[in-house]
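Have a look at the structure below before the remarks.
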């Protein structure tokens, strides 16, 4: 497909250089200066002539008027002066034909690219804790990371998805001690993470009365560190039980990982990091501990070794970053972690930079996100406000089934559709806004079939499929694109043409919500088109064929966009 925005930009530059040969400072490509007017009646694109006012020493309206008179590209667009703006209106017939051909020829890959070929992106997300339930607080990191992986895959990158497990620390020695005192294999296998949590809670209760248990817990963790066979066997089993529990959630969400290398994986790699920091003169003594002083950079020191010589997660994260670069040779390494860890990642990247690894400043990125609350309540384990993710997803599917039974009682495969709708509603609501914005999850909002929700977008996609199934022999006519010379169809075509730009913006800004916005706008625009125009008209087969092509293109792009978000699109709803 011809990039009409770039065509307009090229013609505009030629026009400027013809009318104003002395114009200076123009970029090679003016497409980045073109804006999308807030009202489609004002045009499809607009150029703010204020950009030329200073160098030409002319008022923007004067510049706009002179450029309007000279702009000549009837196959692409016409230009119209509006104050200090030059507005462009696309040639509707040519635009409809070229856009639909490009989208349909892509066969579900509209917006895909090859710019990532030969480049690797590591994504660190989800990062659950061993022996703890997978709760709603992990929802954002999990679905954000999964969506970013899909987006970068779509653009041709090689992605490495990493679940950096929280699986190191004295608490695991305490877990083993609790298991040896009060647990048994059959009960833990049956009860899973819940049983391990019960044992851990009991350990802390008992230790309050019997402090010797604390020493026992530390001793078991020391055995893990030293490679004791029994300790490692139980420790690995705890991890397997936790991951088995987590896999149920990952399977429901359609999330996968290439690596589950967590903190324990890097425990034996930290000594080399400490030695390198020492050799490069970066370590300082501080009350018996070892630190890297970052005061010069406006940050508190980064603690590398505690006074007893134990490493911290800072040290293990340094080891992980170096391992990932040496193993994957990444072009980017993204950490999809809550914004509360901003200081930690600024320290991490700066210490790596001070170690001489310049790539840390340019290739590593903290992809921060906001807090999650549930129906107005902040999550708190202490206060008993904790929503477990498997329970949330199960309840979402149950609520979706209730709605489907009410709205579409004769729908086949209702349970499967309810799964797609329920899970989709949860993912959509998580990715609905910019990632740094806090999320307050409400059932009524998430599962609403009207307005800007996952079910609304899925329903629109299914509506397109229903129209196409009912089209019969009308699909065989030659299309008359003049039938799409109306505002509603043109708005749809514009949104379709801009979808690849939305995908790239989402990748460049690490913001999946931009794709969420794109498919939602498409759904709203298609429903407006559907109600304003009769799609199937046997008296106008050529016009119907054009409208059917538009419907098919909308369905394919919505399905593609939902897929990039990690949401399925039911065939019928």
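The test for being more than 25 Å from residue 135 (Cβ to Cβ) and out of contact with any strand residue (DSSP E or B) (no Cβ under 9 Å at 6 or more places or on another chain) does not hold for residue 189.
On the basis of being closer than 21 Å to residue 142 by Cα, at pLDDT below 95 and not in a loop (DSSP other than H, G, I, E, B), does residue 391 make the cut? For residue 391, the condition - closer than 21 Å to residue 142 by Cα, at pLDDT below 95 and not in a loop (DSSP other than H, G, I, E, B) - is met. There is at least one residue in the range 13-36 that is part of a strand (DSSP E or B), outside the structural domain of residue 485 (by TED's automatic domain parsing) and either touching a helix residue (DSSP H, G or I) at 6+ places or on another chain (Cβ under 7 Å) or exposed (fewer than 14 other Cβ atoms within 10 Å of the Cβ) (or both). A count restricted to the range 525-547 and to residues that are surrounded by 17 or more Cβ atoms within 10 Å (Cβ to Cβ) and free of Cβ contacts under 8 Å to residues at least 40 places away in the same chain stands at 1. Go through the residues of the range 270-279 one by one and say whether even a single one is in contact with a strand residue (DSSP E or B) (Cβ under 6 Å, 6 or more places away or on another chain), more than 28 Å from residue 436 (Cα to Cα) and assigned to a strand (DSSP E or B). No: zero hits. Which members of the range 80-128 meet the condition of being free of Cβ contacts under 8 Å to residues at least 24 places away in the same chain and within 30 Å of residue 49 (Cα to Cα)? Those that are free of Cβ contacts under 8 Å to residues at least 24 places away in the same chain and within 30 Å of residue 49 (Cα to Cα): 81, 83, 91, 94. Exactly one residue among 534, 559, 517, 547 is in the same structural domain as residue 455 (by TED's automatic domain parsing) and closer than 24 Å to residue 411 by Cα, and that residue is 559.
On inspection, residue 277 passes the criterion of being in contact (Cβ under 8 Å) with a residue 60 or more places away in the chain, surrounded by 13 or more Cβ atoms within 10 Å (Cβ to Cβ) and not assigned by TED's automatic domain parsing to the domain that holds residue 356. Can we say residue 298 is within 30 Å of residue 511 (Cβ to Cβ) and exposed (fewer than 13 other Cβ atoms within 10 Å of the Cβ)? Answer is yes for this residue. Anything in the range 172-199 that is buried (at least 19 other Cβ atoms within 10 Å of the Cβ), in contact (Cβ under 8 Å) with a residue 40 or more places away in the chain and over 11 Å from residue 238 (Cα atoms)? List them, or say none. Scanning the range 172-199 gives 173, 174, 177. Quick check on the range 140-170: of everything there that is at pLDDT below 95 and surrounded by 20 or more Cβ atoms within 10 Å (Cβ to Cβ), which residue is farthest from residue 312 (Cα to Cα)? So, considering only residues that are at pLDDT below 95 and surrounded by 20 or more Cβ atoms within 10 Å (Cβ to Cβ), the one farthest from residue 312 (Cα to Cα) is 140. The criterion of being in a loop (DSSP other than H, G, I, E, B) and either crowded, with 19+ Cβ neighbours inside 10 Å or in contact with a helix residue (DSSP H, G or I) (Cβ under 8 Å, 6 or more places away or on another chain) (or both) does not hold for residue 505. Look at residue 42 and say whether it is closer than 19 Å to residue 492 by Cβ and modelled with pLDDT of 90 or more. Yes: the conditions hold for residue 42. Taking the criterion of being under 22 Å from residue 35 (Cα atoms), touching a helix residue (DSSP H, G or I) at 6+ places or on another chain (Cβ under 7 Å) and assigned to a loop (DSSP other than H, G, I, E, B), the residues of the range 80-122 that qualify are 83, 84, 111.
The values are calculated or read from the model by the stated rules, or taken from the named source; none is laboratory data. A quick note: this is a predicted structure, and the numbers were derived from the prediction, not measured. Please note: Cβ atoms are built from the backbone with ideal geometry, for glycine as well, and neighbour counts cover all protein chains shown.
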